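S.K.: The following block contains the structure, expressed as structure tokens.
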Amino acid sequence: MSSKPPGAPGTSWLGEPIDARPLFRPELEALLGTLRGLRPADWRAPALPRWSVHDVAVHLLGDCYGRLGQAPDGYRRVFAPGETLEAFIHRTNQEWVDLHAEDSPASLVDALEAAGTRLARHFAATDPQAPALGVSWAGVDPAPGWLDTAREFTEHWTHRQQIRHALGRGTDPEPRALSTVLDTFMRALPHTLRHTPAPEGTQIEVSVEGPAGGTWTVTAGAAVTAGTDGTDGWSLTGGPPRESPRTRRRPPGQRGPRRFPRRTGSVRCRRPVGPSAADRRPVRLSPQ
């Protein structure tokens, strides 16, 4: 899974560590506050093509149990013969949702409060530098604990936004959580660019305006120039907070795409040919 070969010196190419550990408790409180105010019809509102608000809440409960290593109701996730990881994830996610389709909203909220509280305590006690679960879209396995934790936070935050959107509400603009989500997803940039050739020193800058924004820069190393899969590939620097972003983007808090894609849109590319001849052109990045 890793885009860096074994023996690569650390994971500094991922940028500065993110500490999402303190955010799980307020994220849980925000989720519970939303769910406790729902009417019966709200629970049936479509949140995703195949899932209702109730289904997304059940899925979040399953995420909590999975990270806590619990298997309520005797449910075990087991690979089918010849099953790919992607197929396994989709199948078991749906099986879990189907298993709890008849759970009452009250019992579901109570279970989420109990499991979510334990999960917040679990992450609060983790070592941010210890090896942890791999993060495929960042190209690192094992991942440092801080990235695994931040990735898990984006999962909970994103599903809560899907519930909000199903209820006709906008994306929660609370800046600390949104800033952490944006910063985490930017860690995909070096891996996304791994097959993109560029002269050594080429920089791509991504800026996001608003209280949750920042500026991130990915820089091409020697391996990118040589077209090899060496340890000196693309590396990331920057993040929130940053002042006076030079590339205008949609301010966080305004209604945007609901699926939260990892596409950065138009950004600024500068090649190392001298300040007076900087090549500035839009570059569209898509997940590889």
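S.K.: Taking all protein chains together and a probe of 1.4 Å, list 89, 204 from the most accessible to the least accessible.
M.R.: So, going from the largest accessible area down, we get 89, 204.
S.K.: Roughly how many percent of the accessible protein surface of the range 69-220 is carbon and sulfur, given a 1.4 Å probe and a whole-percent answer?
M.R.: The value for the range 69-220 is 56 percent carbon and sulfur by accessible area.
S.K.: Further, regarding this structure: Where the eigenvalues come from the Cα gyration tensor of the range 60-196, what are the semi-axes √(5λ) of the equivalent ellipsoid, largest first, in whole Å? Write down the numbers at each step before the final one.
M.R.: Working: eigenvalues 127, 88, 56 Å².
Result for the range 60-196: semi-axes of 25, 21, 17 Å.
S.K.: What FRET efficiency would be calculated for the residue pair residue 19, residue 114, taking the C-beta separation as r and a Förster radius of 30 Å, to the nearest 0.05? Before the final figure, lay out the partial values.
M.R.: Working: r = 25 Å, r/R0 = 0.83.
So, using R0 = 30 Å, E works out to roughly 0.75.
S.K.: Now, a different point. Run the numbers for residue 172 and residue 77: contour at 0.36 nm per residue of separation, minus the present Cα-Cα distance, in nm.
M.R.: 30.9 nm
S.K.: Here is a further query. Which of the trypsin sites (Lys or Arg not before Pro) across the range 159-201 are loop residues per DSSP, with 13 or fewer other Cβ within 10 Å? Let's see the in-between values first.
M.R.: Values: sites: 160, 164, 169, 176, 187, 194; in loops: 169, 194.
Sparse-neighbourhood loop trypsin sites (Lys or Arg not before Pro): 169.
S.K.: Enter the accessible area of residue 19 (Å², nearest 10), with the probe set to 1.4 Å and all protein chains included.
M.R.: Its heavy atoms expose roughly 80 Å² to the probe.
S.K.: Run the 1.4 Å probe and let me know the accessible area of residue 84, rounded to the nearest 10 Å².
M.R.: In the full protein context, residue 84 sits at about 80 Å².
S.K.: Ok, one more. Filter the chymotrypsin sites (Phe, Trp or Tyr not before Pro) in the range 45-88 to those in DSSP coil with at most 16 other Cβ atoms within 10 Å of their Cβ, and list the result. Can you show the working numbers first?
M.R.: On the way: sites: 51, 65, 75, 79, 88; in loops: 51, 75, 79.
Taking the range 45-88 and a limit of 16 other Cβ atoms within 10 Å, the loop chymotrypsin sites (Phe, Trp or Tyr not before Pro) found are 75, 79.
S.K.: Taking Rh as the Kirkwood radius computed over C-alpha pairs, what is the Stokes-Einstein D of the range 46-95 at 25 °C in a medium of viscosity 0.890 mPa s, expressed in µm² per second?
M.R.: Numbers: Rh = 12.0 Å.
Translational D for this selection: 205 µm²/s.
S.K.: Take the Cβ-Cβ distance between residue 127 and residue 89 as r, set R0 to 22 Å, and report the resulting FRET efficiency rounded to the nearest 0.05. Walk me through the numbers before you get to the answer.
M.R.: On the way: r = 26 Å, r/R0 = 1.19.
Efficiency, rounded to the nearest 0.05: 0.25.
S.K.: Further, regarding this structure: Assuming a ≥ b ≥ c are the square roots of the Cα gyration tensor eigenvalues, decide whether the range 73-152 counts as rounded (a/c under 1.5), prolate (otherwise, with a/b larger than b/c) or oblate. Don't jump to the answer; show the numbers that get you there.
M.R.: Details: a/c = 2.77, a/b = 1.19, b/c = 2.33.
Judged from the Cα gyration tensor, the range 73-152 comes out oblate (a/c at least 1.5, b/c at or above a/b).
S.K.: List the GluC sites (Glu not before Pro) within the range 36-96 that fall in a DSSP loop (any state other than H, G, I, E or B) and whose Cβ has at most 14 other Cβ atoms within 10 Å. Can you show the working numbers first?
M.R.: Numbers: sites: 83, 86, 95; in loops: 83.
Passing both the DSSP loop test and the Cβ count: 83.
S.K.: Specify which residue in the list 135, 150, 166 is farthest towards the positive end of the charge dipole of the range 110-179, using unit charges on the beta carbon of Lys, Arg (+1) and Asp, Glu (-1), about the Cα centre.
M.R.: Looking along the dipole axis, the top candidate is 166.
S.K.: Another question, then. Average the reciprocal distances over every distinct pair of alpha-carbons in the range 1-141, invert the result, and give the Kirkwood radius in Å.
M.R.: 17.4 Å
The values are calculated or read from the model by the stated rules, or taken from the named source; none is laboratory data. All of these numbers come straight from a predicted model, not from anything done at the bench. Cβ sites come from the backbone with ideal geometry, for glycine too, and all protein chains shown count toward neighbours. All accessible areas refer to the heavy atoms of the entire protein, side chains included, with ligands and DNA or RNA removed. Shrake-Rupley method; radii C 1.70, N 1.55, O 1.52, S 1.80 Å.
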